[in-house]
Each structure stands twice: as C-alpha cells, then as structure tokens.
Amino acid sequence: MKLRTGDPWVPAPAYGRSLQGLSLNLLVRDIVAALPFHRDVLDATVVYSDPDFAVLRHAEAEWMLHADHTYLEHPLQHNLRLGLARGVGAELRLHGRDPDAAEAAARRLGFTVLAAATDKPHGLREAYLLDADGYLWVPDVPRTS
C-alpha cells in the first residue's frame, strides 16, 4: 500500500536500473520518524523522501529506506508484524562520519548509544548507535594517532 501522492522524484524502474554494487535498503516503521537519525546523527543528505520511501547519501554512500507498509507482500512481512528485532548481527558502517559528533547528536535526540566513540586497535575511531528501528550504525573515521 502506497501513501505517496503524486510522482516520485525519479520513476522507480529508472532508479532501480541506476543501482550498482552493494546497496542498503532498510525497512522502517515510519519514514518521517526515521529521518532525524539519518539526517542529524549520520549527517546524511536526504536526496528524496515521501511517506513510502527515502534515499539518503553521505559522501560516497547511498542507502534507501522503505516504510513497512510498502512491503505487505515481502517475505519479511511476517517478522515485521511480530515486532522482531531488525538487523541483528549486522553493523552498518558509515566511513567518514565523525563518531564523536554522531554520538553527541544521538544523545541530544534521545537515540541509544551502545558504545561511546572510542579509538580501536584496527585504526578507526568509532561509535555504536541504534536508530529508531533498532539498526546498528557505526560511524567511523581513521584514528589520528
């Protein structure tokens, strides 16, 4: 079931054909409620958004959000109706996003900080943050020392 009225910014078939390599498509309960985390915590640009779908971008990375109601025939719909955790076991890493700034924004907006920004032995400074739908995001930058 679509809630959007009017035409999207790009016809869906054209956008689909433009995708290459690896892309992320996250199912979220509510697009409008999901956007503050992506925009304010991850510092993503909202390329497009309507009640059904959004495209976000940070540096070279681009990802999509689809509202649950658009996936009524999707194989995951049963799990979504059960309210099971989303994305358990996956880390969505956003390279180039300052983890300290992301953590501060997450705290200010009331999102869960699983682990504060920390220098890690593998050469990155990173924070572990949960968005409103429970997806784990790890913004990181190379360590300076």
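The values are calculated or read from the model by the stated rules, or taken from the named source; none is laboratory data. These figures come from a predicted structure and were not determined experimentally. Cβ sites come from the backbone with ideal geometry, for glycine too, and all protein chains shown count toward neighbours. Areas reflect the complete protein model, heavy atoms only, side chains present, ligands, DNA and RNA absent. Shrake-Rupley method; radii C 1.70, N 1.55, O 1.52, S 1.80 Å.
Using a Debye calculation, one point per C-alpha and no hydration shell, please list log10 I(q)/I(0) for the chain at q = 0.10 Å⁻¹ in order. Computed log10 I(q)/I(0) values: -0.36.
Rolling a 1.4 Å probe over the protein heavy atoms gives the chain an accessible area of 56 Å² per residue.
Given their separation in residues at 0.36 nm each and the Cα-Cα distance between them, Leu84 and Leu109 gain 6.6 nm when the chain is fully extended. When both the stretch 41-84 and the stretch 91-145 are represented by their alpha-carbon centers, they are found 20 Å apart. Across the stretch 1-128, C-alpha contacts under 8 Å between residues 6 or more apart give a mean separation that, scaled by the residue count, equals a relative contact order of 21 percent. Roughly what angle does helix 99-109 make with the longest principal axis of the chain, taking Cα atoms, 0 to 90 degrees, to the nearest 10? Tilt relative to the chain: about 60 degrees.
Element breakdown for the chain at a 1.4 angstrom probe: carbon and sulfur atoms account for 55% of the accessible area.
Site pair Glu91 and His74 shows an inter-label distance of 2.4 nm when each label is modelled 7 Å from Cα along Cα→Cβ.
Among the chymotrypsin sites (Phe, Trp or Tyr not before Pro) found in the stretch 7-83, those both in a DSSP coil and sparsely packed, with 12 or fewer other Cβ atoms within 10 Å of their Cβ, are Trp9.
As a test of the formula, what do you get for the chain when each DSSP H run with n ≥ 4 contributes -39,500 (n - 2.57) and the sum is divided by the residue count, at 222 nm and rounded to the nearest 500 deg cm²/dmol?
When only DSSP H runs of four or more count, the value is -5500 deg cm²/dmol.
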